[in-house]
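Working notes for the structure below.
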């Protein structure tokens with residue numbers, strides 16, 4: 001990723017944090033989660049039932065889950081490292097910094 005792309009991702013995430021979006025959780029079958037539009041990247045790690053976290057109108061994902069009820073509780077998002085994880089796929093490592 002270029003420096004400009006990293007800044008663009010940081011800005012996008014930080015804009016959503018500033019919006020103080022509600023974070024909600026529902027438990028459902030994996031099939032229902034996919035039908036609802038939830039994104040899940042680690043299909044080999046999911047059981048029959050999964051937690052789906054919805055972050056306002058921004059994101060809906062199958063996940064172990066965050067520990068916040070609103071994005072405004074998170075602090076500032078900062079990318080520390082980015083690297084290739086496979087052909088055409090980049091992985092970022094980021095932290096949340098309380099201000």
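Read-outs: derived from the displayed coordinates by stated rules, not from any lab. All of these numbers come straight from a predicted model, not from anything done at the bench. Every residue, glycine as well, gets a Cβ built from its backbone with ideal geometry; the counts of neighbours run over all protein chains shown.
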Taking Cα atoms only, Rg over Rh for the chain with Rh from the Kirkwood formula is 0.99
Which residue, 73, 20, 44, tops the fluctuation ranking in a GNM of the chain built on C-alpha contacts under 10 Å? 44
For the stretch 21-69, report the convex hull volume of the alpha-carbon atoms normalised per residue, in Å³, without decimals. 67 Å³
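Give me 6, 39 sorted ascending by neighbouring Cβ count inside 10 Å, so fewest comes first.
So the ranking, lowest neighbour count to highest, is 39, 6.
Counting other beta carbons within 10 Å of each Cβ, put 96, 21 in order, fewest first.
Numbers: 96 14, 21 18.
Going from least to most buried by this count: 96, 21.
For the chain, what's the relative contact order in percent, using C-alpha pairs closer than 8 Å and at least 6 residues apart? Could the numbers behind the result be given before it?
Working: 145 pairs, mean separation 27.7, N = 99.
Worked out over the chain, it gives 28 percent.
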Fewest first, what order do 24, 71, 2, 54 take by the number of other Cβ atoms within 10 Å? 2, 24, 54, 71
Once you've got the GNM for the chain with C-alpha springs shorter than 10 Å, pick whichever of 31, 61, 83 has the biggest mean-square fluctuation. 83
Once both axes come from the Cα atoms, what is the angle between helix 3-18 and the longest principal axis of the chain, in degrees from 0 to 90, rounded to 10? 60 degrees
Where labels lie 7 Å past Cα in the beta-carbon direction, separation of residue 91 and residue 25 in nm: 2.5 nm
